Amino acid sequence: GDAHHWRLFKPTGIKGDIICNGSLITTGSSNCIISNEPTMSESVGQTIKRTFTNATSTAKVADLSRDTIDPTPSGPGSILTTDHGVKVSDTDNWLKVSGDGTGPFLLEDQIAREKIHRFDHERIPERVVHARGTGAHGYFKVFDDSASKYTYAPVLTDPSRTTSVFVRFSTVQGSRGSADTVRDARGFAVKMYTEEGNWDLVGNDIPVFFIQDAIKFPDVIHAVKPEPHNEVPQGQSAHNNFWDFAGLQPESAHMVMWVMSDRGIPRSFRMMQGFGVNTYTLLNADGKRFFVKFHFIPELGVHSLTWDEALKICGQDPDFHRKDLNEALENGNPAKWTFAIQTIPEADEHNFDFDILDATKLWPEELVPLQPIGELVVNRPVDEFFPETEQVAFCTSHIVPGIGFSDDPLLQGRNFSYFDTQITRLGINWEQIPINRPVCPVMNHQRGGQQQHRIVKGEINYWPNRKNVGPPVPASEGGYAEFQQKVSGIKQRVRGAKFQEHFNQAQLFYNSLAPHEKAHLIAAISFELSHCDDPVVYRSYVTNVLSKIDVDLAQAVARNVGGPVPIESDVQVNQGKKSAPLSQIYYMPTKPMIKSRRIVILVADGFNAVEVGAVKALLGSAGAVSFIVGPRRGEVFPEGSAEVGVMVDHHYEGQRSTMFDALFIPSGKEHAEALMSNGRTVHWVREAFGHCKTIGAIGEGIAFVQQALALPELSFAPKLDRDDVTTSYGVVTAGKYGVVSAAHDALTIGAGP
Ligand code: HDD
């Protein structure tokens, strides 16, 4: 059942046959190192990709198999046909009148016409926001029934259940083809296929939102999206309209701080927190109601790119986050999050100095602690992007019994918007599309509409009916029950009193950041405001917003962007409050790990192959993915071997240091000299160092690193003694024979901030 995987590379002098389940895979005559490190790489010997077995199957994956076709050479789907099933023998030539030359095309060629028609209609409207995204399957499970104090929803209380999920991560601003690593909030939308129906938790990687009332959504989105006259910029909020709006709509101040922090440029979708953002409610078996916020905390910690990396990767690999997710899953590294809730009893609703229904406010964990109750695991890539990731459709209004809404004015508007948008994007019967259909039975008297797939027998399509016995009949138990809430009031267009305060939590967030995080945030706002060429915009943002948050922040940004530098007495007093969980540092895994990290080994001809083999094996054993980059994508020859080379994954120009989390350079005199004399490889080291990445080097590799960095104060020096390992500024160096301990050191500091 479980697919196993070996990489073969040579030469090392280890000889032997590799046998799997009794079949000979290769013989020892070719000198191979064998490592069970999984990788997507096609080179460096042979790679057998993992297949997805029962371990990654869920009820939803099984349900989708009803519609999944896997054409095989002799099975169904092996022969090309038209959509009406007629076999096609020529799909390359339009039917023509043949004579001396190429004659006129014939419109009668219905095979060609069908092909073109289908192509012309391949696209559907992209999502009006969150158009760029990627999705995968997985499951959700609770640890125990501890949440039954708050809810009777089995998905949140029954530990014997494994609920299938589909998760889609996205950016907000850019269109479908935009780059992954732009500065933006990230969508974190989870569809849970529960036995009681689908529950869509449509969240972000940021716990608060730009606006309080859904009626402002078209305004904030128009402001951030490309400007109407020239459709510029793409995947950017760095333009006049966004900052104009943000300056005039101070309720956005808190979320703007988050997006401008390192949260706006995550290293990976797998390294982001997820937040339901809105306030929902839970209803327990005794009829008591609790307000609730939902959280996902990543196992790998919360990590970001640097801004310089993010900008470069936009061009070097616009699909960086998509590939990162799939690479991890295909290499058997599922992404995991702890699922936690914050709850507030109904009676305590008004006991806070902020309104708990205001989506521009979070609930500080010091006031409302997180209760971890379950786990979300994403472990299976999609089979085909369009039918799954593009057609998946979420609705905040889709909840299950035991979970309810609150009067959060953003959530109430969302509940209208999502269903509506799916009608435009996918048509009224969008819930019958395989990726969207529930895994529990669905039956009602809704009928017709475009793309109706369900065929319901019988003469009755209404209720009540003369037969009075259905089916379907209304459920006598288990039906969705709204909480019986008493409401009274005056119909008017207003917001509650506490909704008027906008800066306390923006201050709380800023104060809670580590010094480097504050520096990044100041640089990010400065970058964005520098892209605004209308002085009204950057001046008013400093005066109207930043001056209400913090004097250092406002002054630093004002100086950078040419805004009016406020004097201290004009700046609103910063309350000085902090909350540790608002800094990313809070989420560093207690035990550093490099699971699924991408580590590059830089080589030239004459490198030490034993070191490379040992380091690769060590990295693999810690779950990292390693790649060799050399002067050519072909054989590169190790020290003392002019005939048998090692196949490398990429050449120096094919990838950049920005694609990797750490860099290793083995020893080898000729190799080190070649690296030193090549501007591109010198740049590799400088850039990796500048991005605070761990660099490991051995023997002559150290001299190369030292020369490339030209930093005499680094305390490492070429040492050739066994076991001699030093670490300085994130550079780990070892004597020629200290490779194992050096690699080990690199592993333990490799997951640093
Ligand atoms: Fe939204 C998509 C998250 C407020 C209207 N939103 C969308 C997606 C995410 C969010 C993750 C992508 C879903 C997917 O992957 O298909 N949206 C949020 C969060 C919000 C929020 C966390 C604040 C708490 N959204 C919001 C408001 C409105 C919308 C206030 C409208 C009043 N959102 C939409 C939409 C989208 C959408 C237009 C576009 C595509 C879609 O729904 O399916 O209806």
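What pairs can you find where one residue is in segment 442-459 and more than 13 Å from Leu426 (Cβ to Cβ), the other is loosely packed, with under 12 Cβ neighbours inside 10 Å and aromatic (Phe, Trp, Tyr), and their Cβ atoms are less than 9 Å apart, with a gap of 6+ or different chains?
His445/Tyr462
Residues of segment 168-189 being of a type in the set (A, V, I, L, M) and more than 9 Å from the ligand (Cβ to nearest atom), which ones?
Within segment 168-189, Ala179, Val182 qualify.
Do we find that Asn230 is surrounded by fewer than 23 Cβ atoms within 10 Å (Cβ to Cβ) and assigned to a loop (DSSP other than H, G, I, E, B) in this structure?
Working: surrounded by fewer than 23 Cβ atoms within 10 Å (Cβ to Cβ): yes; assigned to a loop (DSSP other than H, G, I, E, B): yes.
The answer is yes for Asn230.
How many residues does segment 175-197 contain that are of a type in the set (Phe, Trp, Tyr) and farther than 25 Å from Ile525 by Cα?
The qualifying residues number 1.
If Lys498 meets every condition in (1) part of a helix (DSSP H, G or I); (2) among the basic types (Lys, Arg); (3) loosely packed, with under 13 Cβ neighbours inside 10 Å apart from one, which number is that one?
Unmet condition: (3).
Identify, please: which residue in segment 273-320 is part of a loop (DSSP other than H, G, I, E, B) and of a type in the set (A, V, I, L, M) and is, among those, surrounded by the most Cβ atoms within 10 Å (Cβ to Cβ)?
The extreme case among them is Val277.
Every residue, every condition in (1) modelled with pLDDT under 95; (2) in the same structural domain as Ile399 (by TED's automatic domain parsing); (3) closer than 26 Å to Leu362 by Cα; (4) of a type outside the set (Ser, Thr, Tyr), yes or no:
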{"residue": "Gly448", "(1), (2), (3), (4)": "no, no, no, yes"}
{"residue": "Gly458", "(1), (2), (3), (4)": "yes, no, no, yes"}
{"residue": "Asn465", "(1), (2), (3), (4)": "yes, no, no, yes"}
{"residue": "Gly478", "(1), (2), (3), (4)": "yes, no, no, yes"}
{"residue": "Lys498", "(1), (2), (3), (4)": "no, no, yes, yes"}
{"residue": "His516", "(1), (2), (3), (4)": "no, no, yes, yes"}
{"residue": "Ala519", "(1), (2), (3), (4)": "no, no, yes, yes"}
{"residue": "Ile522", "(1), (2), (3), (4)": "no, no, yes, yes"}
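Within segment 247-272, how many residues turn out to be more than 14 Å from the ligand (Cβ to nearest atom), under 12 Å from the mean Cα position of the chain (by Cα) and assigned to a loop (DSSP other than H, G, I, E, B)?
Summing the residues that are more than 14 Å from the ligand (Cβ to nearest atom), under 12 Å from the mean Cα position of the chain (by Cα) and assigned to a loop (DSSP other than H, G, I, E, B) in segment 247-272 gives 3.
Within the bounds of segment 340-357, is there any residue that is within 24 Å of Ser237 (Cβ to Cβ) and not hydroxyl-bearing (Ser, Thr, Tyr)?
No; the residues of segment 340-357 include none that is within 24 Å of Ser237 (Cβ to Cβ) and not hydroxyl-bearing (Ser, Thr, Tyr).
What's the number of the condition Phe483 fails, among (1) farther than 29 Å from Ile356 by Cα; (2) touching a residue at least 40 places away in the same chain (Cβ under 8 Å); (3) of a type outside the set (A, V, I, L, M)?
In the conditions (1) farther than 29 Å from Ile356 by Cα; (2) touching a residue at least 40 places away in the same chain (Cβ under 8 Å); (3) of a type outside the set (A, V, I, L, M), Phe483 misses (1) alone.
Among the residues of segment 425-438, which ones are part of a helix (DSSP H, G or I), surrounded by fewer than 18 Cβ atoms within 10 Å (Cβ to Cβ) and more than 9 Å from the ligand (Cβ to nearest atom)?
Those that are part of a helix (DSSP H, G or I), surrounded by fewer than 18 Cβ atoms within 10 Å (Cβ to Cβ) and more than 9 Å from the ligand (Cβ to nearest atom): Glu431, Gln432.
Taking interchain pairs and intrachain pairs at least six residues apart, which have beta carbon atoms under 6 angstrom, with the first residue in segment 406-421 and farther than 21 Å from Ile356 by Cα and the second buried (at least 17 other Cβ atoms within 10 Å of the Cβ)?
Pairs found: Tyr418/Cys395; Tyr418/Thr396; Phe419/Cys395.
Among the residues of segment 92-112, are any modelled with pLDDT of 95 or more and within 25 Å of Thr424 (Cα to Cα)?
Checked against the condition, which is being modelled with pLDDT of 95 or more and within 25 Å of Thr424 (Cα to Cα), segment 92-112 yields no hits at all.
When you go through Arg680, Arg632, Arg686 one by one, which is the residue that is at pLDDT 95 or above, farther than 28 Å from Glu517 by Cα and out of contact with any strand residue (DSSP E or B) (no Cβ under 8 Å at 6 or more places or on another chain)? Explain how you work it out, then say what you get.
Working: Arg632 fails: out of contact with any strand residue (DSSP E or B) (no Cβ under 8 Å at 6 or more places or on another chain); Arg686 fails: farther than 28 Å from Glu517 by Cα.
From the options Arg680, Arg632, Arg686, the qualifying one is Arg680.
Of Ala347, Ala359, Ala328, which residue is surrounded by 20 or more Cβ atoms within 10 Å (Cβ to Cβ) and part of a helix (DSSP H, G or I)?
Result: Ala328 is the single residue among Ala347, Ala359, Ala328 that is surrounded by 20 or more Cβ atoms within 10 Å (Cβ to Cβ) and part of a helix (DSSP H, G or I).
Do you know which residues across segment 404-414 are more than 9 Å from the ligand (Cβ to nearest atom) and either surrounded by fewer than 17 Cβ atoms within 10 Å (Cβ to Cβ) or within 26 Å of the chain's Cα centre (by Cα) (or both)?
Result: Asp407, single match.
Quick one: in segment 177-196, which of the residues that are in a loop (DSSP other than H, G, I, E, B) and within 15 Å of the chain's Cα centre (by Cα) is surrounded by the most Cβ atoms within 10 Å (Cβ to Cβ)?
Top of the filtered list is Asp180.
Pull up segment 375-403, narrow it to residues that are within 22 Å of the chain's Cα centre (by Cα), assigned to a loop (DSSP other than H, G, I, E, B) and among the polar types (S, T, N, Q), then point me to the one that is nearest to the ligand (Cβ to nearest atom).
Restricting attention to segment 375-403, the residues satisfying the condition of being within 22 Å of the chain's Cα centre (by Cα) are 375-396.
From the residues that got through so far, the ones that are assigned to a loop (DSSP other than H, G, I, E, B) too are 382-384, 391-396.
Adding the requirement that they be among the polar types (S, T, N, Q) leaves 391, 396.
Values: Gln391: 10, Thr396: 8 Å.
Result: Thr396.
Please work out if Val155 is part of a strand (DSSP E or B) and farther than 30 Å from Val86 by Cα.
Working: part of a strand (DSSP E or B): no; farther than 30 Å from Val86 by Cα: yes.
Here the answer is no, as Val155 does not meet what is asked.
Which of the residues belonging to segment 197-227 are part of a loop (DSSP other than H, G, I, E, B), more than 11 Å from the ligand (Cβ to nearest atom) and touching a helix residue (DSSP H, G or I) at 6+ places or on another chain (Cβ under 8 Å)? Working first, answer last.
Of all residues in segment 197-227, those part of a loop (DSSP other than H, G, I, E, B) come to 205-213, 225-227.
With more than 11 Å from the ligand (Cβ to nearest atom) added as a condition, the list becomes 225-227.
Within segment 197-227, Glu227 is the sole residue that qualifies.
On the basis of being farther than 30 Å from Asp286 by Cα, away from the ligand (no atom under 12 Å from the Cβ) and in the same structural domain as Thr424 (by TED's automatic domain parsing), does Ser148 make the cut?
For Ser148, the condition - farther than 30 Å from Asp286 by Cα, away from the ligand (no atom under 12 Å from the Cβ) and in the same structural domain as Thr424 (by TED's automatic domain parsing) - is not met.
Would you check if Ile356 is aliphatic (A, V, I, L, M), in contact (Cβ under 8 Å) with a residue 12 or more places away in the chain and in contact with a helix residue (DSSP H, G or I) (Cβ under 8 Å, 6 or more places away or on another chain)?
On the way: aliphatic (A, V, I, L, M): yes; in contact (Cβ under 8 Å) with a residue 12 or more places away in the chain: yes; in contact with a helix residue (DSSP H, G or I) (Cβ under 8 Å, 6 or more places away or on another chain): no.
Considered against the rule, which asks whether it is aliphatic (A, V, I, L, M), in contact (Cβ under 8 Å) with a residue 12 or more places away in the chain and in contact with a helix residue (DSSP H, G or I) (Cβ under 8 Å, 6 or more places away or on another chain), Ile356 comes out as no.
Counting only residues that are within 16 Å of the ligand (Cβ to nearest atom) and charged (D, E, K, R), which one in segment 121-145 is surrounded by the fewest Cβ atoms within 10 Å (Cβ to Cβ)?
Among those residues, the one meeting the criterion is Arg123.
The values are calculated or read from the model by the stated rules, or taken from the named source; none is laboratory data. A quick note: this is a predicted structure, and the numbers were derived from the prediction, not measured. Using ideal geometry, Cβ is built from the backbone for each residue, glycine included, and neighbour counts are taken over all protein chains shown.
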